[in-house]
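To start, the structure itself, in structure tokens.
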Amino acid sequence: MYTVSSQKRSWTFANEGQLMDFRVEQNSKYIELHEEEAQGRDLNEHFLTSAEERLLLKQYEIYLFDFCRRFEPPMPKCVVGTAFHYFKRFYLNNSPMDYHPKEILATCVFVACKVEEFNVSINQFVNNIKGDRNKATDIVLSNELLLIGQLNYYLTIHNPFRPIEGFLIDIKTRSNMQNPDRLRPHIDSFLDSTYYSDACLLHTPSQIALAAVLHAASREQENLDSYVTDLLFVSAREKLPGLIDAVRKIRIMVKQYQQPDREKVKAIEKKLDKCRNQANNPDSELYKERLRRLYTDEDDMPAEDASFHIADVSSDTSAMNISQ
């Protein structure tokens with residue numbers, strides 16, 4: 001149950017200000033640790049600012065959704081929701097300058113496939129990634145334990161899909177709405193939009209589900225206010241004001257979302273190439289030297305010019321580069 005889950009206890013936060021504090025703290029820690037690399041230059045010019053990190057991660061959230069949408073075999077919705085939880089949680093504890101979101105993104109999806117029992121092998125998984133698939137395999141698998149550790153080993157995710165099914169069954173049973181299933185396309189669209197917000201870090205799955213249902217009803221020119229007040233919360237009216245406020249905040253989050261500017265993201269990507277942690281960069285000599293110490297047989301080393309691409313922000317498309 002969500003009420004006694006690690007998600008509620010450890011990964012649901014009070015407000016957006018608290019999330020911002022976490023992100024600013026991780027940005028400051030990285031800059032403090034790598035300050036010498038600026039070689040006397042202005043720190044804000046050499047390193048990403050917290051705002052730039054946020055813009056970059058927003059772009060990679062778009063890549064994450066597109067990767068899942070195009071994945072073969074088709075990916076269940078619960079895997080997508082779980083992957084987004086992992087991605088957002090990881091970057092509350094880490095800076096994108098330390099771990100490139102391209103590599104963490106793929107690992108989040110792979111671990112989500114396992115946790116949600118979507119049975120795909122690593123070979124099937126990397127077949128959805130363009131480029132050197134041997135290197136993609138190495139990167140995903142080498143980051144797997146890192147990701148799990150940064151999530152504090154709390155891997156169970158409560159998504160809003162079950163609450164939505166409960167609401168629809170209840171609406172069919174107790175309300176006067178005709179054919180509630182016609183709400184489903186609007187519900188799905190709304191839930192997809194919540195992935196680009198911090199709703200899953202701030203609100204319960206049932207609150208997000210109810211926000212999606214009420215949004216869908218409004219799009220169908222239906223009014224479910226009486227259902228919520230007179231039926232759903234008839235015996236718990238003291239909880240109604242808090243619920244109404246949560247639903248309002250979720251809908252505002254979704255409505256106010258703006259896609260990141262592509263040109264700004266390109267500039268941030270170029271800046272990231274210069275200030276990222278080379279110890280965690282698979283294309284750096286420092287990283288390759290670390291691998292040489294781990295491999296007992298040098299013939300197993302990945303080719304030095306190998307690369308793989310989850311996303312190429314310098315291209316004309318915002319979609320992930322995945323195999324057809």
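Remarks
- Between 157, 139, 187, 148, the distinction of being assigned to a loop (DSSP other than H, G, I, E, B) and open to solvent by less than 50 Å² (accessible area, probe 1.4 Å) belongs to 157 only.
- Scan of the stretch 172-184 for residues that are closer than 10 Å to residue 213 by Cα and open to solvent by less than 50 Å² (accessible area, probe 1.4 Å), ordered by number: 180, 183
- Residue match in the stretch 93-102 (condition: closer than 26 Å to residue 246 by Cβ and assigned to a helix (DSSP H, G or I)): yes
- The helices (runs of 4 or more DSSP H) located wholly in the stretch 219-294 include none with 3 or more residues which are open to solvent by 90 Å² or more (accessible area, probe 1.4 Å), small (Gly, Ala, Ser) and in the same structural domain as residue 178 (by the TED database).
- Those helices (runs of 4 or more DSSP H) of the stretch 6-88 in which 3 or more residues are acidic (Asp, Glu) occupy 16-33, 50-70.
Condition check ((1) surrounded by fewer than 22 Cβ atoms within 10 Å (Cβ to Cβ); (2) touching a Lys or Arg at 6+ places or on another chain (Cβ under 7 Å); (3) of a type in the set (A, V, I, L, M, F, W, C); (4) at pLDDT below 95) across all residues:
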{"site": "58", "(1), (2), (3), (4)": "yes, no, no, no"}
{"site": "66", "(1), (2), (3), (4)": "yes, no, no, no"}
{"site": "70", "(1), (2), (3), (4)": "yes, no, no, no"}
{"site": "74", "(1), (2), (3), (4)": "yes, no, no, no"}
{"site": "78", "(1), (2), (3), (4)": "yes, no, yes, no"}
{"site": "83", "(1), (2), (3), (4)": "no, no, yes, no"}
{"site": "106", "(1), (2), (3), (4)": "no, no, yes, no"}
{"site": "120", "(1), (2), (3), (4)": "yes, no, yes, no"}
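- Just one of the numbered conditions (1) of a type in the set (Ser, Thr, Tyr); (2) open to solvent by 40 Å² or more (accessible area, probe 1.4 Å); (3) under 20 Å from residue 193 (Cβ atoms) is not true of residue 91: (2).
- Restricted to the stretch 15-45, and to residues there that are modelled with pLDDT of 95 or more and of a type in the set (Gly, Ala, Ser), the residue that is most open to solvent (accessible area, probe 1.4 Å) is 28.
The values are calculated or read from the model by the stated rules, or taken from the named source; none is laboratory data. Treat the numbers as computed from the prediction; the structure is a model and nothing was measured. Here the Cβ is made from the backbone with ideal geometry for all residues, glycine too, and neighbour counts use every protein chain on show. Ligands, DNA and RNA are stripped out before the accessible areas are found, and what is left, the full protein with its side chains, is counted by its heavy atoms. Shrake-Rupley method; radii C 1.70, N 1.55, O 1.52, S 1.80 Å.
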